[in-house]
Amino acid sequence: MSNNSQEPQEKVLIIGLGQIGYSNAKYMTSKGLWVEGYDVSQQALHRALDDGVIKKIATDFADYDFYVICISTHHQENMFIPDLRGIYEVAYQISKQGKSGALVGIDSTIPRGTSQRIEQILEHRLHVVHVPHRFYINEQKEHGVNQIRVMGSCKSCCQEKAKNFYEKVLGIPVFPVSSPDIAELTKIVENSYRYVEIAFAEEMKIICDKINVDFNELRHAVNTKWNINMFEAQNGIGGHCLPKDSQMLLDISKGTVNSSIIEAAKKIDNQFRIHLEKPDTPEIHVSLKR
């Protein structure tokens with residue numbers, strides 16, 4: 001339930017209380033910060049409130065010192081399609097109600113140029129920094145909120161304020177880069193790289209099934225080499241991040257290269273999903289952890 005104790009001088013507003021926003025709120029509250037939450041979902045809001053990860057439900061964006069944007073940037077009906085409408089709506093609302101001099105930290109995955117566009121919307125009345133989230137729910141101790149994060153700031157004053165908040169207040173190590181463009185590309189490149197690696201494993205699984213070779217045994221053998229870590233081929237590439245982020249990078253590549261390995265990977269993933277439904281040969285199921 002909500003904490004009715006007196007509010008401190010500095011307050012944090014987490015905007016978007018899905019997996020990333022909820023985890024951020026929980027971490028920041030555990031650090032002793034006064035954290036409030038905002039989400040279009042009443043269920044998400046009351047879950048965070050009842051769990052004690054936020055102190056209050058925000059009714060507007062006025063009078064906060066730190067705004068942490070964690071809203072989804074994929075289309076609600078298709079996670080493979082990026083959708084920035086929500087993040088720009090938040091930016092316009094902050095521009096009208098946000099406290100001058102406050103910090104706006106963007107955790108959401110965004111394409112190149114979005115941070116600068118948000119800074120223009122805010123007319124540099126607030127500081128803007130992009131610190132793309134890194135979080136793995138199955139290994140929160142090792143890869144939770146408190147892990148090294150890339151940080152791209154719109155201006156030097158933004159970087160100074162952000163470093164103080166993330167490193168000194170939150171205790172989260174940051175890797176500053178020269179521009180928000182680099183930070184924006186970092187997240188989508190990370191996930192696109194992983195997407196391609198998984199797609200390669202999927203392709204090998206299809207090939208092995210067609211030629212009647214045990215993929216898992218082959219994979220285990222290949223992974224004995226010190227610099228190889230072939231992934232498992234499971235149920236297709238899903239989740240909130242990999243499909244959307246790889247599409248963001250693919251959209252960039254279309255104007256720069258004649259053909260893209262990411263586009264090929266997406267075709268392989270689609271072929272693999274079809275293969276799972278109608279394999280050409282009986283599949284050999286062996287459970288091996290990587």
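The values are calculated or read from the model by the stated rules, or taken from the named source; none is laboratory data. Quantities reported herein were computed from a predicted structural model and do not represent experimental measurements. In this analysis, Cβ positions are derived from the backbone assuming ideal geometry, glycine residues included, and neighbour counts consider all displayed protein chains. Heads up: the accessible areas ignore ligands, DNA and RNA and are worked out on the full protein's heavy atoms, side chains in. Shrake-Rupley method; radii C 1.70, N 1.55, O 1.52, S 1.80 Å.
If packing is taken as the average number of other Cβ atoms within 10 Å across a peptide's residues, how do 103-109, 216-222, 194-200 rank, most packed first?
Details: 103-109: 25.9, 216-222: 14.9, 194-200: 19.6.
By packing density, highest mean first, the sequence is 103-109, 194-200, 216-222.
Residues of the chain: accessible area per residue at 1.4 Å, in Å²?
Values: 15230 Å² over 290 residues.
Roughly 53 Å² per residue, with all protein chains present.
What is the Å³ per residue value for the convex hull set by the Cα atoms of region 152-220?
Numbers: hull volume 6.9 nm³, N = 69.
Once divided by residue count, the hull of region 152-220 is 100 Å³.
Roughly what % antiparallel, to the nearest 5, for the DSSP beta bridges in the chain? Kindly include the intermediate steps, with their values, before the conclusion.
Details: 4 of 26 bridges.
That works out to approximately 15 percent antiparallel.
Per residue of region 227-242, what does 6.51 cos²θ - 1.76 cosθ + 1.60 with θ = phi - 60° give for ³J(HN,Hα)? Whole Hz please, x for Gly and Pro, Karplus curve as stated.
10, 10, 9, 5, 6, 6, 10, 9, 10, x, 8, x, x, 7, 9, 4
Taking 20 °C and 1.002 mPa s as the conditions, I'd like the Stokes-Einstein D for the chain in µm²/s, using the Kirkwood hydrodynamic radius from alpha carbon pairs.
Numbers: Rh = 20.7 Å.
After rounding, the answer is 104 µm²/s.
Just to be sure I understand: of the beta bridges DSSP finds with both ends in region 99-253, what percent are antiparallel, rounded to 5?
Values: 2 of 10 bridges.
Within region 99-253, antiparallel bridges account for around 20 percent of the total.
Can you compute 3J(HN,Hα) from phi for each residue in region 15-21, using the Karplus curve 6.51 cos²θ - 1.76 cosθ + 1.60 with θ = phi - 60°, rounded to whole Hz and x for Gly and Pro?
9, x, 10, x, 4, 6, x
Leaving out ligands, DNA and RNA, what percent of the accessible area of the chain is carbon and sulfur, probe 1.4 Å? Numbers along the way, then the final one.
Numbers: 7730 of 15230 Å².
Ligands and nucleic acids excluded, carbon and sulfur reach 51 percent.
Could you work out, for region 139-290, what percent of all Cα-Cα pairs fall into each 5 Å distance bin, beginning at 0 Å and stopping at the bin that holds the largest distance?
Answer for region 139-290: a P(r) of 2, 8, 14, 15, 15, 14, 12, 9, 6, 3, 2, 1, 0 percent.
Given q = 0.11, 0.17, 0.24, 0.25 Å⁻¹, what are the Debye log10 I(q)/I(0) values for region 200-269, with equal point scatterers placed on the Cα positions and solvent ignored?
So the normalised log intensities are -0.36, -0.76, -1.05, -1.08.
Along the principal axes of its C-alpha atoms, what lengths does region 26-153 span, in descending order and rounded to whole Å?
Here the Cα extents, ordered largest to smallest, are 36, 33, 31 Å.
Suppose only helical runs count, i.e. DSSP H with n ≥ 4. What mean residue ellipticity at 222 nm does that imply for the chain under -39500 (n - 2.57) per run, divided by all residues and rounded to the nearest 500 deg cm²/dmol? Please list the in-between numbers first.
Numbers: 10 runs with 124 residues, N = 290.
My calculation for the chain gives -13500 deg cm²/dmol from helical runs alone.
Counting only residues 5 or more places away or on other chains, whose amide H sits under 5 Å from the amide H of Val128 once H atoms are built in the peptide plane?
Those qualifying (amide H under 5 Å, at least 5 residues apart or on another chain) are Val104, Cys154, Lys155.
Spelling out what I want: for every residue of region 125-136, take phi, set θ = phi - 60°, compute 6.51 cos²θ - 1.76 cosθ + 1.60 (Karplus), and round to whole Hz; glycine and proline get x.
With the stated coefficients, region 125-136 comes to 6, 10, 7, 10, 9, 10, 10, x, 5, 10, 7, 10 Hz.
What percentage of all Cα-Cα pairs in region 130-181 are separated by more than 14 Å? Don't skip to the answer; put the middle values down first.
Numbers: 678 of 1326 pairs.
That fraction is 51 percent.
When Lys and Arg each count +1 and Asp and Glu each count -1, what net charge do the other residues less than 15 Å away from Ile87, Cβ to Cβ, add up to? Before the final figure, lay out the partial values.
On the way: positive: Arg85, Arg112, Arg117, Lys187, Lys244; negative: Asp39, Asp83, Glu89, Asp107, Glu119, Glu184, Asp245.
After counting each charged neighbour, the total is -2.
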